[in-house]
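Chemist: Before I ask anything, here is the structure I am working with.
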Amino acid sequence: MLFAAILFDCDGVLVDSEIVGLEDVAVFLNERGFDWGPEDLIRRFNGMRADLFRTALQDEYGAVLGRMPSEAEFTSLWDGMIETRRAQRHTMTIVPGALDVVQTARELGYRMAVASSSAQIYLDDKVNRYGLAPYFDGHVYSADFVEHGKPAPDIFLYAAEQLGVDPASCLIIEDSAHGVAAGKAAGGTVWGFLGGGHCLEDHADQLQEAGADRLIETHSELAIALRML
């Protein structure tokens with residue numbers, strides 16, 4: 001095999017969660033002075049760990065207010081935004097073909113891990129809810145395990161270490177520019193995935209600019225590519 005292991009991002013690669021609730025979140029934020037659509041949220045924050053997202057949003061809110069918000073002001077904004085998005089969690093689905101591609105990878109003998117920016121409690125819920133967990137043999141890792149979130153390479157380095165493989169021998173499947181940059185910084189081969197519901201017209205350009213070694217449109221294409229390696 002060309003690669004010792006495959007490291008999958010979760011949100012936007014295995015589970016179509018990046019798009020969930022963004023219309024409502026945009027409305028919520030615009031009622032508080034922002035001027036964003038769902039596509040602006042995707043371009044700014046896709047693939048960020050929650051703490052980095054929080055810091056970036058706080059800076060953006062400061063620009064809206066013309067001053068940095070108080071802790072109470074920002075906490076109210078953050079909590080309201082999170083609740084707005086969680087109210088739409090029932091609309092979340094698995095990315096088409098995700099189960100088939102992890103089954104294909106298993107049949108081909110690849111070791112696999114999930115390496116995600118999600119909090120572990122939410123990540124575990126997603127991989128269990130959609131029947132993905134058995135394919136990863138417990139190797140489901142969130143950014144809770146590491147000091148720095150994507151675009152730092154920490155989560156991919158950690159996942160490779162847990163699998164007992166060299167990060168440079170890993171194939172990494174990522175849907176965000178932050179994730180692609182993290183994978184390249186870890187020394188892996190990164191294929192940019194364009195099959196999530198959040199992918200915009202210029203998404204391929206963003207992933208290529210971040211350093212993606214190849215672009216993959218769907219999990220069907222990914223399964224074929226793995227069989228041809």
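Chemist: Please return the ranges of strands (runs of 3 or more DSSP E) entirely within the stretch 108-175 where 3 or more residues are buried (at least 21 other Cβ atoms within 10 Å of the Cβ) and among the hydrophobic types (A, V, I, L, M, F, W, C). Can you show your working first?
Modeler: Working: elements: 111-116, 140-142, 170-174.
The strands (runs of 3 or more DSSP E) meeting that bar are 111-116, 170-174.
Chemist: Next question, about the same structure. When residues of the stretch 72-104 are filtered for being closer than 25 Å to PHE136 by Cα and out of contact with any strand residue (DSSP E or B) (no Cβ under 7 Å at 6 or more places or on another chain), how many remain?
Modeler: As a first pass, look at the stretch 72-104 and keep what is closer than 25 Å to PHE136 by Cα: 89-104.
With the extra rule that they be out of contact with any strand residue (DSSP E or B) (no Cβ under 7 Å at 6 or more places or on another chain), the set shrinks to 89-91, 96-101, 103-104.
Total meeting the criteria: 11.
Chemist: Scan the stretch 208-223 and tell me whether some residue there is surrounded by 16 or more Cβ atoms within 10 Å (Cβ to Cβ) and either of a type in the set (S, T, N, Q) or in the same structural domain as LEU41 (by TED's automatic domain parsing) (or both).
Modeler: No.
Chemist: If you don't mind, there's one more thing I want to ask. With the requirement that a residue be of a type in the set (A, V, I, L, M, F, W, C), in contact (Cβ under 8 Å) with a residue 24 or more places away in the chain and out of contact with any helix residue (DSSP H, G or I) (no Cβ under 6 Å at 6 or more places or on another chain), what does the stretch 195-221 give you? Break it down into steps so the answer makes sense when it comes.
Modeler: So the first thing to find is which residues in the stretch 195-221 are of a type in the set (A, V, I, L, M, F, W, C), and the list is 199-200, 204, 207, 210, 212, 215-216.
Narrowing the set further to residues that are in contact (Cβ under 8 Å) with a residue 24 or more places away in the chain leaves 199-200, 207, 210, 212, 215-216.
Correct list: CYS199 only.
Chemist: If you go through the stretch 203-221 one residue at a time, do you hit one that is basic (Lys, Arg) and in a helix (DSSP H, G or I)?
Modeler: Of the stretch 203-221, the ones basic (Lys, Arg) are 214.
Still in the list and also in a helix (DSSP H, G or I): none.
No, because not a single residue in the stretch 203-221 is basic (Lys, Arg) and in a helix (DSSP H, G or I).
Chemist: Still on this structure: Does any residue of the stretch 99-119 turn out to be farther than 15 Å from ILE6 by Cβ, of a type outside the set (S, T, N, Q) and either over 17 Å from the mean Cα position of the chain (by Cα) or not assigned by TED's automatic domain parsing to the domain that holds ARG43 (or both)?
Modeler: The initial filter retains those residues of the stretch 99-119 that are farther than 15 Å from ILE6 by Cβ, namely 117-119.
Still in the list and also of a type outside the set (S, T, N, Q): 119.
After this cut, where a residue has to be either over 17 Å from the mean Cα position of the chain (by Cα) or not assigned by TED's automatic domain parsing to the domain that holds ARG43 (or both) as well, the list is 119.
Taking every residue of the stretch 99-119 in turn, at least one turns out to be farther than 15 Å from ILE6 by Cβ, of a type outside the set (S, T, N, Q) and either over 17 Å from the mean Cα position of the chain (by Cα) or not assigned by TED's automatic domain parsing to the domain that holds ARG43 (or both).
Chemist: Now a separate question. Looking at the stretch 85-105, I want the residues that are without any contact (Cβ under 8 Å) to a residue 40 or more places away in the chain and have a partner that is surrounded by 13 or more Cβ atoms within 10 Å (Cβ to Cβ) with Cβ atoms under 6 Å, at least 6 apart or on another chain. Which pairs are those?
Modeler: Correct list of pairs: empty, since none qualify.
Chemist: Only one of these conditions is not met by TYR122: (1) under 19 Å from SER17 (Cα atoms); (2) modelled with pLDDT of 95 or more. Which number is it?
Modeler: Status for TYR122: all satisfied but (2).
Chemist: Testing VAL95 on (1) surrounded by fewer than 18 Cβ atoms within 10 Å (Cβ to Cβ); (2) closer than 19 Å to LYS150 by Cβ; (3) not small (Gly, Ala, Ser), one condition comes back false. Which one is that?
Modeler: The single condition VAL95 does not satisfy is (1).
The values are calculated or read from the model by the stated rules, or taken from the named source; none is laboratory data. Everything numeric in this text was worked out from a predicted model, so none of it was measured. Here the Cβ is made from the backbone with ideal geometry for all residues, glycine too, and neighbour counts use every protein chain on show.
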